[in-house]
Amino acid sequence: QVQLVESGGGLVQPGGSLRLSCAASGSIFSINKMGWYRQAPGKERELVATVSGATIYADSVKGRFAISRDNAKNTVYLQMNSLKPEDTAVYYCNAIINSIRYWGQGTQVTVSS
């Protein structure tokens with residue numbers, strides 16, 4: 001059984017920063033890609049950033065967010081700076097592990113004054 005456990009969400013003021021973490025655990029033989037998606041109320045889930053050798057960012061977060069990965073810990077991070085109210089969403093970790101796509105449970109990020 002493979003699990004993705006996220007942490008680091010919360011309430012932050014506009015212009016602030018948060019760091020999300022997602023740790024994969026269980027019977028892991030290979031991890032091909034790890035990344036983050038988000039879903040705001042009334043909107044579809046969208047890609048934020050992924051890393052698998054190369055990194056990909058949504059245009060809306062380029063220059064503000066940074067994704068990184070610690071292969072030894074099977075963990076992916078999302079450093080979010082200069083946060084805006086429109087970044088408010090539930091953030092989901094996503095990973096392709098043993099050729100199967102897994103999702104985390106989601107962590108709420110709220111940007112508000």
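The values are calculated or read from the model by the stated rules, or taken from the named source; none is laboratory data. From a predicted model like this one, the values you see are computed outputs, not experimental measurements. As a convention, Cβ positions derive from the backbone with ideal geometry for all residues, glycine included, and neighbour counts pool all protein chains shown. Accessible surface areas use protein heavy atoms only, side chains included; no ligands, DNA or RNA. Shrake-Rupley method; radii C 1.70, N 1.55, O 1.52, S 1.80 Å.
Structure summary
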{"item": "Single match in Arg38, Arg19 (criterion: open to solvent by less than 30 Å² (accessible area, probe 1.4 Å), on the phi < 0 side of the Ramachandran plot and in contact (Cβ under 8 Å) with a residue 40 or more places away in the chain)", "result": "Arg38"}
{"item": "Single residue of region 22-35 satisfying the filter (surrounded by 12 or more Cβ atoms within 10 Å (Cβ to Cβ) and of a type outside the set (Gly, Ala, Ser)) that is farthest from the chain's Cα centre (by Cα)", "result": "Ile28"}
{"item": "Selection within region 85-105 - surrounded by 13 or more Cβ atoms within 10 Å (Cβ to Cβ) and more than 20 Å from Ser17 (Cβ to Cβ)", "result": "Asn94, Ala95, Ile96, Ile97, Asn98, Tyr102, Trp103, Gly104"}
{"item": "Residue among Leu4, Leu47 that alone is modelled with pLDDT of 95 or more and either basic (Lys, Arg) or over 10 Å from the mean Cα position of the chain (by Cα) (or both)", "result": "Leu4"}
{"item": "Within region 82-113, tally of residues that are part of a loop (DSSP other than H, G, I, E, B) and within 10 Å of the chain's Cα centre (by Cα)", "result": "2"}
{"item": "Unique match (being of a type in the set (Gly, Ala, Ser) and in contact with a Phe, Trp or Tyr (Cβ under 7 Å, 6 or more places away or on another chain)) among Gly15, Gly104, Gly35, Gly53", "result": "Gly104"}
{"item": "Restricting region 49-81 to residues that are over 26 Å from Ser99 (Cα atoms) and in a helix (DSSP H, G or I), the residue that is most open to solvent (accessible area, probe 1.4 Å)", "result": "Asp59"}
{"item": "Verdict on Phe65 being among the aromatic types (Phe, Trp, Tyr) and free of Cβ contacts under 8 Å to residues at least 60 places away in the same chain", "result": "yes"}
